[in-house]
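In what follows, a single structure is set out as C-alpha cells and then discussed.
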Amino acid sequence: MNLASQSGDAGGSQLLFANFNQDNTSLAVGTKSGYKFFSLSSVDKLEQIYECNRVGPCCGGPRCRSSSASPVSLHSQAQIPSVLPMTDADDGDRLHTVELKQRSTADTEDVCIVERLFSSSLVAIVSLKAPRKLKVCHFKKGTEICNYSYSNTILAVKLNRQRLIVCLEESLYIHNIRDMKVLHTIRETPPNPSGLCALSISNDNCYLAYPGSATIGEVQVFDTVNLRAANMIPAHDSPLAALAFDATGTKLATASEKGTVIRVFSIPEGQKLFEFRRGVKRCVSICSLAFSMDSLYLSASSNTETVHIFKLETQKEKPAEEPTTWGGYLGKVLMASTTYLPSQVTEMFTQGRAFATVRLPFCGHKNICALAVIQKIPRLLVAAADGYLYMYNLDPQEGGECTLTKQHRLDGSTEPPNEILEQGSHDRPLVAQTYSAAVSKGYCEEQGAVGGVGLDDDLSDLHLEEDNEQPPLILETE
C-alpha cells in the first residue's frame, strides 16, 4: 500500500507505506522518518521487531542493538562480494533500532517502499528523496548490500526467493536475487501509473503478472525463471485494478476498475476457475486482493467499509429435488430461465457470493489486507491509511460477519480499549506528500539500471533466514 502518490495535507500522519511480507508473518511500515517492522505472531500485542530512524537515539534497552551505516556512492563497475551466506539465526526477530549518520539521512527518510523477504534480514527500500533509486540492505546490521538507479520513478518492488522485480510506469526489471544482476527487462509495457503487478512466491511456479493493456483488463503472465511470456489472459472488459497470486503460484485473482466482479484463473493455462460478485449496486475501487496461505479463501478490500471474503470451493453436484415451497418453485423457474436471458444476467445467477464479510470502522481510506493464521485461528488483517492495523476473526465453518478482535496503531503506541468506538478520533483521510522531483544520478540508457555495492564490512555475516527451508544463497560476480 503505497500512499506516496497521494497529495495534499497528510493530517499529521507519518505513514507513507504499509505491506505484509510474503507469508503474512510480519508487517512493514514506511514513514517520513524511516521504516519499521512488526511481528504478527500475536493478536493482543503488535510487537515491533525493528525500527530505522533518520534521527533520534537508540532505545538502549537490553533487547536493542544499534549500529551505523554510511551510504556508498553508485558505481556501475563496483564489485559485489563474491560470497554472501544467508542465515541470520543469531537472535531472531528481536527489536533493533538503527540510528543512521547524518549524511545517509536522505536515503532513509520518507520511505515510500519497503519490502522484506519473508523472515530474513534482506530488505528493499525506496525513498521519496531518491524515487529512482533502489537500495537493498541487511536491516539488522544496518549495512547496504547494493543499490540500483533506474530511468524513472520506482512504483513497486516485489521479491521472492529467486527474483526481485522493479516496476516502473512503462517497464519491468527482473533481477536475480542471488547476485542482483538484471536478467531481463520488459520494455514498453502499457502505461501503468499505479505500479500494478504481482509476483508469485512459489519456487516451482515463479510467475509475474502485470497489465497487458491500459484500456481493457488483459493480464500478461511472464515466466521469470525461463524469462519468457507464459500467457495473456483476457480477464475483464475494464482496466485492471488489482492482481494477486496464491502461495502455490497456480491461481491468479483479478479485479477491474469497476470492482464488481472478482475472477480467479489457473496459471499458466489461464482457465477461469472461479467468479465472485462483490456487489451490483455501485462500482468501487478495489484496494487489494489476498489469498490465504492454503489457497482456500480470497479477500477483497475496497474504498468502501466492506471487505469481502470468498471461499474457493467447487460446488458438488446434487441430485435434483422437487421444490416444496413457493420460494423453491420461484428459484427453479429463475434458474431455468437463465438459458434465455442475456449472458450478463446469466452470469449474475452463477457467480459466487461472499462467504464472510468485514465491516470496517472507516470508509474511503486506502488499505491492504492479508489472511493469516495467528495463534491457530484464521484472521483477516487490514492495514489502513488511517494509521491502524485491524484484526478480525474468521469463522472457517460458518463464515458470516467477522468480529473485530483488536486494533493497533502502526506507530507502535498502545491503543485505548474504547477508542475503536470513537470514529472521529482516527477516521479521517490520510494524504501523503507527492513524489519528489529529485532523481539519483547514474542512469545508463543502454541498460536502464545501474547498480553498485554498499559496505564491504561484515557482509560475510549476512544471512537470509527463511524458516530454514532454503540453502544459503550466493552472491557471485564475474
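The values are calculated or read from the model by the stated rules, or taken from the named source; none is laboratory data. Predicted, not measured: the structure shown is a model, and the values here were computed from it. With ideal geometry, Cβ positions are generated from the backbone for all residues, glycine too; neighbour counts draw on all protein chains shown. Note: areas computed on protein heavy atoms with side chains; ligands, DNA, RNA excluded. Shrake-Rupley method; radii C 1.70, N 1.55, O 1.52, S 1.80 Å.
The table below gives the values:
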| quantity | calculated |
| --- | --- |
| Leading residue by the ranking (farthest from the chain's Cα centre (by Cα)) among those in segment 376-397 that are part of a loop (DSSP other than H, G, I, E, B) and small (Gly, Ala, Ser) | Gly387 |
| Cross-chain or 6+ apart pairs with Cβ under 8 Å, segment 113-133 first and farther than 14 Å from Asn147 by Cβ, then part of a strand (DSSP E or B) and of a type outside the set (A, V, I, L, M, F, W, C) | Val114/Asn19; Val114/Gly30; Val114/Tyr35; Glu115/Asn19; Glu115/Lys158; Arg116/Ser26; Ser119/Ser26; Ser121/His138 |
| Residue check for Asp223: buried (at least 19 other Cβ atoms within 10 Å of the Cβ), in contact (Cβ under 8 Å) with a residue 12 or more places away in the chain and closer than 26 Å to Met180 by Cα | no |
| Which listed residue, of Gly212, Gly259, Gly249, is modelled with pLDDT of 95 or more and on the phi > 0 side of the Ramachandran plot | Gly249 |
| Strands (runs of 3 or more DSSP E) contained in segment 134-244 and holding at least 1 residues within 20 Å of Ala255 (Cβ to Cβ) | 156-159, 163-167, 207-211, 217-223, 228-236 |
| Scope segment 233-275; condition charged (D, E, K, R) and open to solvent by 20 Å² or more (accessible area, probe 1.4 Å); matching residues | Asp237, Lys251, Glu257, Lys258, Arg263, Glu269, Lys272, Glu275 |
| In segment 255-274, the residues that are touching a Gly at 6+ places or on another chain (Cβ under 7 Å) and not in a loop (DSSP other than H, G, I, E, B) | Ser256, Phe274 |
| Any hit, segment 276-284, residues being surrounded by 17 or more Cβ atoms within 10 Å (Cβ to Cβ), touching a residue at least 60 places away in the same chain (Cβ under 8 Å) and more than 22 Å from the chain's Cα centre (by Cα) | yes |
| Residue selected from segment 282-325 under the condition within 19 Å of Leu360 (Cα to Cα) and outside any strand (DSSP E or B), by the criterion modelled with the lowest pLDDT | Arg282 |
| Check on Ile186, at pLDDT below 95 and among the aliphatic types (A, V, I, L, M) | no |
| Qualifying residue in segment 360-383 (condition: among the basic types (Lys, Arg) and either surrounded by 14 or more Cβ atoms within 10 Å (Cβ to Cβ) or modelled with pLDDT under 65 (or both)) | yes |
| Test: residue in segment 87-95 that is at pLDDT 90 or above, surrounded by fewer than 24 Cβ atoms within 10 Å (Cβ to Cβ) and in a loop (DSSP other than H, G, I, E, B) | no |
